[in-house]
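The values are calculated or read from the model by the stated rules, or taken from the named source; none is laboratory data. Please read all numbers here as calculations on a predicted model, not as lab measurements. Positions of Cβ are generated from backbone atoms using ideal geometry, with glycine treated the same way; all protein chains shown enter the neighbour counts. Protein only, heavy atoms only, side chains kept; ligands, DNA and RNA dropped before computing areas. Shrake-Rupley method; radii C 1.70, N 1.55, O 1.52, S 1.80 Å.
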Amino acid sequence: MRAIDATRLYFDRAADRIDLSENMRQLLLTAKREISVQIAVELDNGEIATFIGYRVQHDDARGPMKGGLRYHPEVDLGEVRSLAALMTWKTAVVDIPFGGAKGGIAVDPAKLSPREMERITRKFIDGIHDVIGPDVDIPAPDMGTNAEVMAWIMNQYQKYHGFNPGVVTGKPVELHGIPGREEATGRGVGHLAFKLMSRLGRKAQQTRVALQGFGNVGSHAAKFLSEAEFKVVAVSDVSGGYYRPEGLDIPKMLQYAREHQSSLQGYTEAERISNEQLLELDVELLVPAALGGVITAQNAPRVKAPVIIEAANQPVWPDADHIFDQQGTVVLPDILANAGGVTVSYFEWVQNRQHYQWGLNRVRQELDRVLSDSFERVWTVASERKVSLRTAAYILGIGRVGRATILGGIT
Ligand code: NAD
């Protein structure tokens, strides 16, 4: 199944529940604009390399479009399309005044020097600067991109349009960024894990957690979960899994990753397992925080965790989701679970427009409030309509975007 078909399936499931007309479905599903640009750059060795950069602007009924920029070898237009639509529903679920977009370049950042990354990023912005902007479409970090990349985007954009830091979020704090943006998605996962497990009558101390991915989202989620006294027994990254049934020393692993270019490769104070084994561990909470499509109908029957929090985008494929629905596994969907990042991105955009620096405490307090309110709304819809948390989140998101579309008028 393609990523876009997965998004469509979840959309349709919720749309059926609210009797959405076929015309309205077509309108809400069709992207407003799709761009693909050639990125030709000179590599450090003097050779010419050509990449393709994508930006899909899905929907702007509720405000300027918002979404990350992914640098990964498997990026293609279909994946970007699907992730752009997810952003539309995500911004609506947490009720921030943005639409949805996404971008990406099919490139392996691990094989590029920092200067090559910079050249590729600036060339990409040369190709799309006239269709992005603080009131139009605002990129942010995603897999393979970080605050430094966002700083290049801001700088390249202002060569064409003048000073306007609100064109991009996730910038370094020293350069119009907001404190707490980097930790936001992981912190949100930790906060929502606490709320969800409390609702399900489980104590943090009695909850063993397996977490896939130790990048921006995974490492911060591990930090907040362990600070909240969850027992994190397994984590992984591209180098494989690390398992310790008595609980891992997360502060030590964070320190290790900091000292080894964000990698856990070579960490010895845990049993080595594979990424596949990690997903099937005997734990109470599973948090996939790396790639999409890692849980399918093939491995879903072997997943033992009764609760899954989708920290990554689309880690659970619909055929697996169906199995979880039937066996009563609770899945907190990506469009709520990882919305902490876009929420703090919104605060950063507000800060840039106000030219007033927010403090970390304010960011954290407001983030926790937005996520708590959104969780309660989704939980209520799920209970009232007797649907999964995913379908409830989609019902909320589609309803809000649909109403904004009608209120704004089509003509
Ligand atoms: P990242 O690039 O910082 O980290 C990715 C992590 O996944 C790394 O630890 C990497 O080693 C690991 N990984 C890569 N390939 C793997 C494999 N085959 N098996 C296991 N692990 C592998 O990316 P990130 O920003 O942490 O994003 C992770 C996920 O969260 C993505 O799906 C992204 O779309 C989603 N997300 C990110 C944010 C954000 O604010 N960064 C917000 C919302 C959603």
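Most simply put, the chain has about 50% antiparallel DSSP beta bridges, counting only bridges with both residues inside it. Mind jotting down the distance between the C-alpha centroids of the range 304-369 and the range 25-95, whole Å? If we compute the Cα centre of each part, the gap is 19 Å. Placing +1 on the Cβ of every Lys and Arg and -1 on the Cβ of every Asp and Glu, with no other charges, gives the chain a dipole of roughly 900 debye about its Cα centre. Packing order of peptides 351-359, 26-34, 60-68, highest average first: 60-68, 26-34, 351-359 (average count of other Cβ atoms within 10 Å over each peptide's residues). Extension gain for the segment residue 319 to residue 47, taken as residue separation times 0.36 nm less the Cα-Cα distance, is 93.5 nm to one decimal. Straight-line cross-link reach from residue 32 at under 23 Å between alpha-carbon atoms covers these lysines, not counting any fewer than eight positions away in the same chain: 66, 90, 102. Here's how it looks for residue 68: its modeled amide H is under 5 Å from those of 103, 140, which are all 5 or more places away or on a different chain.
Considering only alpha-carbon pairs that sit under 8 angstrom and 6 or more positions apart, the relative contact order computed for the chain is 17 percent. Can you pull the percent of the range 133-213's accessible area that's carbon plus sulfur, 1.4 Å probe, other chains left in place? Solvent-exposed carbon and sulfur of the range 133-213 make up 48 percent of the total. Bridgeable aspartates and glutamates around residue 195 (alpha carbons under 17 Å apart, same-chain partners fewer than 8 residues away excluded): 227, 229, 284, 310, 334, 366, 368, 373, 376. With all protein chains in place and a 1.4 Å probe, the accessible surface of the range 296-411 carries 52 percent carbon and sulfur. Antiparallel versus total DSSP beta bridges in the range 53-166: what percent is that, nearest 5? Once the DSSP bridges in the range 53-166 are tallied, antiparallel ones form about 40 percent. Expressed as a whole percent, the accessible surface of the range 68-125 that belongs to carbon and sulfur atoms is 52, based on a 1.4 Å probe. Each peptide among 270-281, 88-99, 302-313 gets the average number of other Cβ atoms lying within 10 Å of its residues, and from highest to lowest they stand as 88-99, 302-313, 270-281. Close amide H pairs (under 5 Å, H built 1.01 Å from N) link residue 312 with 289, 290, residues at least 5 positions away or on another chain. Can you give me the C-alpha center-to-center distance between the range 138-158 and the range 159-201, rounded to a whole angstrom? The two parts, judged by their Cα centres, are 14 Å apart.
Averaged per residue, the chain has 41 square angstrom of accessible surface, using a 1.4 angstrom probe with ligands and nucleic acids left out. Mean projected area of the Cα convex hull of the range 66-159, taken over all directions, amounts to 5.9 nm². Our helix-only sum for the chain, with -39,500 (n - 2.57) per DSSP H run of n ≥ 4 divided by its residues, gives a mean residue ellipticity at 222 nm of -15000 deg cm²/dmol.
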